[in-house]
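Following: one structure in structure tokens, then a few remarks.
The values are calculated or read from the model by the stated rules, or taken from the named source; none is laboratory data. If you're wondering where the values come from, they're calculated on a predicted model, not measured in any experiment. Quick reminder, even Gly has a Cβ in these numbers, built from the backbone with ideal geometry, and neighbours come from all protein chains shown. Please note that ligands, DNA and RNA were not included when accessible areas were found on the heavy atoms of the full protein model with its side chains. Shrake-Rupley method; radii C 1.70, N 1.55, O 1.52, S 1.80 Å.
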Amino acid sequence: MRTGDTTKKNIELYDYSKAGSIPSTDSLFGESRDKDGPLAPCQASKMLLHPGRGPLSETEAITQMKQFFNSYYADTDNSNPEKAKEDRLEEVMAMIEAEGDYKHTYDELSWSAKTAWRNAPRCVGRHIWRTLRVVDARDCLSCREIFDAICKSLRLAFNDGLIQPHAAVFGQRHRNSKQKSPGIRVWNGVLLSFAGFMKENGDIIGDPKNVSLTNLAMSFGWEPKVGNFVLLPIVITDANEKTEIFELPADIKAYTVNISHPTEPGITNLGLKWYAIPSVSSMMLEAGGVQYTCTQIAGYFQDTEISVMNLLGESRYNLMEPIGRKLKLDVSKNSTYWKCTVATELTRAVYHSFQLAGVTMDDHISLSDKFNSFMKEEIRTRGGCPADWLWIVPPLSSGLTPNFHHEMLRYTLSPSYEYQSGPEDYFKKPITKVKFYALTRTIMCFINMMRKSIKKRKRITFVYATEGNTAFTYAKTAESLFVKAFYVSVLPITALTEKDELKKCISDTDLCVFIASTFGEGGPPSMAEEFNKKLRDKLYDFGGLKYTVFALGSTHYAKTFARFGKLIDSEVEAAGGIRYEKIGFGNDQSNQKAEFETWIEGLYNRCCDEFLPGGGRSVEGKRLYRWRYCSAKSLSKSFQEAQGDAHKVYEFSLEKKTNLTTDGTDKYMLLTLSYKREPEMNGTELFLPGQHIGIFPKNISSRKDQVLKELSDVPFEGIPLSLEEKIAVHEPWRVWDNNRSGLTLTEWFDNIVDLNRLPNIQRKGLDSATFFGKTPAIKRRLYSIASCQNKNNTVDILIAMHEFQLNGKTLTGLASNFLRHATPGEKILGYFSKTNGQMVLPPDPSIPIILVSSGSGFAPFMSFIKAREQASRSGKKAGRIYIFHGVRYVEWDFLEQLLKKASRVLEMTTFRAYSRSYPHEFRGSCLETRAVIIGYVQDLLGGQEDVVAGVCREGGYIYACGGGKVVAAVQGRLEKILQDRGCSTMQKLIASGRYQEEKFG
């Protein structure tokens, strides 16, 4: 078409799905309101071409009115006029002159609603336009009357699942009303729709499309229970601009369909649902110059509208990736076609679910065929069919439908359904206009203030020494916090090795923060070995340097805990440094991350108070958490990464569990675990007598289920998750713990957070990501091994049920309770722990030994006895073993059960103490027993000075194991005996390794 040519010529439309097909001719577009018709600049992919049609001018209204009656009276097949055309026109003109508007008859209204549907270019289901039942609700004026009419129309449309298309038309907008008046409006886009709740971290629970409407409803007093599929109330504004909200009745709330898959339980278990009726309520029916701003029209769904557009759409529920992972598809790249599989299977599930629920739905292939037939019939009878190709072609299997290959024209005919402006425009607050000059002047003043403030900023340097990545991660976390108010640098400790580099650092920084790990038996990380050597050799001068230290370590290595960090703290001060803040400690056997966060935030607050101009804390450190989907990682791999190369994680299997008590309780139990030895480990000793096994315990299910019910926004089960955090709103998101990423929700609940140490926060309705971010992590538990290495590849551990008081409640220990409830065959993750601080047997098995224990402290001694038993059965001489053991009750004494077999080849003498049983309750023993008392195990030693002195003179070894207080009392009693008998001293025994002890608790 040439510029200036206003003639609208016929357009030929080709169907490319059939070779040599004869094109169809569209001449109907000539009646379009669009400027220059189809040859105008293409805007087919735009959702809205205008922000919403407002009231019509008098000229527009009269022009449309005349066109309307021409079409209405010409359509003799579908209209039933009450009067002749000329009479009706005369009547209408009189009404317009008298009142400014006219009113449609019911037949005109019904024809308008049906024909507007027939003309809707974006609707693929127009083939049933004649079946639309139109309800005249123009007499409903108040919000309550409008709501009741809506509910009635919805019930008629649902029709027990056999959807009957219905339209309810409410009062028209009068042209003489206020220009900004919306007329009667239902602000819901569709009557049945799900709320969208914006979380503090920016994530959305529910349907993101409805966040603004949800906020509007809550501003009017709606108090919903947050969830993914919460039906919104109906928000109505009547003709007098009064707005009210109405909760849907229970029977209409039931118009939802639970989504299940016929063969894929992964989709079924997601708990998805959708509403049964697509009842559009925000569009305006415009017919003959009259605008019905509140029109509700209900039909039935096409399957892909729910699956692809609503549930998988990135701007909607965005379930593509979680479903892909739930189906265990390879989501790493598009070329695996996983997205196609997800879209197909979810669409299949949607259609299956609607069929199962008995609710009308069309599949996209069949509906495309129906539209194709409808379009051909429209072109034959009307001369054309307005159609928006982008909306008509389904989003799935597009090329398999005839519509994909057919050219279409999008244009607007009257009557029509028109988009209107949304509630965000009507309810928005007026904007105060500011002159450009005033705005720029304010900005320049602010910039100058910032420049002056930045020049005065202090410089903070974080120096990290790490073997893995922990100290570096903490340094970057600290950087994110401090950069808000200070110049911040993050340096590896290698950057301070040379004197010149150190001198420059001292001159360029106002505070140096060392974050240092301890490696192995108290040594520095490998990256800090040179720094450590020069530090010990007093080669550095830290004169005038303000510093502080956060020392990382593990109480697993109690004697060398955080030794390298402690060394930096003391040596820097000795070399002239000025300690700014006392040293902080992070123990990886507790909630190390929380310990660091508390310490660094305290340091930040002090720095703000002392360094910032005017003092005061400028930024709050509120942490936000969120879930993200990620690649799967096995639990054993996760624990292995956390362990590093120090220990190999094994998947143990519980073979046997033996109750060692006789009173019906299970205070003490012996567990036999099997493990699979790697071929390359054959012939090597995985553990020695006196060593430990580390166990990764789990939470028990009942506790998990209780907490789960209290939390909100719980992610889908069975999908690998990564927890992310940010320390302030404007900070970037960071992975909370890389070692924990890739685990499912169940694995997070079972293995990561310690439900015995819940934070003191309100859990009811708490976001699940925040809960996991604030709850301490489960600590690995060390148990002394109660057996020797054997060809069956089994290991025994002796456990005691641990109880403690917390907030007035008696709780059982997490690890002991987990092992107590473990069943034969259950998999238990753990590792063999080798440290230099463990007790070891004397190299000569003939040397006599004394074993002093209380309760489960006997466990390592079982491994000693097993080792002596093996030596004896192999022909070696085994020295006598003296066993001093204490428990509360006679019924808890397990020595007979554990030592009966070994007593056949070993010389053993037992001494027993019961703190809450009388000696006469002791029934005798198959073991040689010299003394039975009421009291504690240390009391036994007081009556056996000859035994202790004799073993010492023979060069024997003494071992003690139990609770910290018990072992301390035992050592004190032994020291007195040795002093009284003059056979040795505790100091000499300890120095020679002939006295060894292990404490717990």
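Are there any GluC sites (Glu not before Pro) in segment 273-330 that are in a DSSP loop and have at most 16 other Cβ atoms within 10 Å? List them by number.
Answer in residue order: 314.
Can you tell me the order of 789-796, 634-641, 247-254 when each peptide is scored by its average per-residue count of other Cβ atoms within 10 angstrom, highest first?
634-641, 789-796, 247-254
Taking a probe of 1.4 Å, how large is the accessible area per residue of the chain, in Å²?
Per-residue value: 47 Å².
With viscosity set to 1.002 mPa s and temperature to 20 °C, compute the Stokes-Einstein D of segment 215-267, Rh being the Kirkwood radius across alpha carbon pairs; µm²/s, no decimals.
Stokes-Einstein gives a translational diffusion coefficient of 156 µm²/s.
Using a 1.4 Å probe over the heavy atoms of the protein chains, calculate the carbon and sulfur portion of the accessible area of segment 924-1001 as a whole percent.
The computed percentage sits at 48.
For helix 436-455, what angle does its Cα long axis make with the longest principal axis of the chain, in degrees from 0 to 90 and rounded to 10?
Once rounded, one gets 10 degrees.
Given a cut-off of under 8 Å on Cα pairs at least six residues apart, what relative contact order in percent is computed for the chain?
It comes to 8 percent, rounded to a whole number.
If you average the alpha carbon positions of segment 185-212 and of segment 314-367, how far apart do those two centres end up, in angstrom?
Rounded to whole Å, the Cα centres lie 22 Å apart.
Would you grab the residues whose amide H sits under 5 Å from the one on residue 135? Only those 5+ places off in sequence or on another chain, please, with H modelled 1.01 Å from N.
Correct list: 167, 168, 169.
Please give the helix 592-611 orientation as an angle from the longest Cα principal axis of the chain, in degrees from 0 to 90, rounded to the nearest 10.
The angle comes out near 80 degrees.
Given the Cα-Cα distance of residue 655 and residue 823 and 0.36 nm per residue of separation, how much length would full extension add, in nm?
Difference between extended and current length: 59.6 nm.
At a probe size of 1.4 Å, how large is the accessible area of residue 930, to the nearest 10 Å²?
130 Å²
For Cα Rg over 2.2 N^0.38 Å, the choices are (i) 1.61; (ii) 1.32; (iii) 1.71; which was calculated from the structure?
Label of the calculated value: (ii).
Could you work out how far helix 143-158 tilts from the main Cα principal axis of the chain, as a 0 to 90 degree angle to the nearest 10?
Roughly 90 degrees between the two axes.
Count the net charge of all other residues whose Cβ sits under 13 Å from the Cβ of residue 62, scoring Lys and Arg as +1 and Asp and Glu as -1.
Within the 13 Å Cβ shell, the charges total -2.
Of all accessible surface on segment 799-905 at a 1.4 Å probe, what whole percent is carbon and sulfur?
Accessible surface attributable to carbon and sulfur in segment 799-905 totals 48 percent.
Quick one: net charge around residue 72, please, counting Lys, Arg +1 and Asp, Glu -1 for every other residue with C-beta under 10 Å from its C-beta.
-1
I need the calculated FRET efficiency for the pair residue 78 and residue 598, taking r as the beta carbon distance and R₀ as 60 Å, to the nearest 0.05.
My answer for the efficiency is 0.20.
Can you send over the carbon and sulfur percentage of the accessible area for segment 672-762, probe radius 1.4 Å, protein chains only?
That share works out to 49 percent.
Place the peptides 107-116, 715-724 in order of packing, highest mean first, counting for every residue the other Cβ atoms within 10 Å and averaging per peptide.
107-116, 715-724
Would you calculate the separation in nanometres between label points at residue 905 and residue 370, each defined as 7 Å from the Cα along the Cα-to-beta-carbon direction?
8.4 nm
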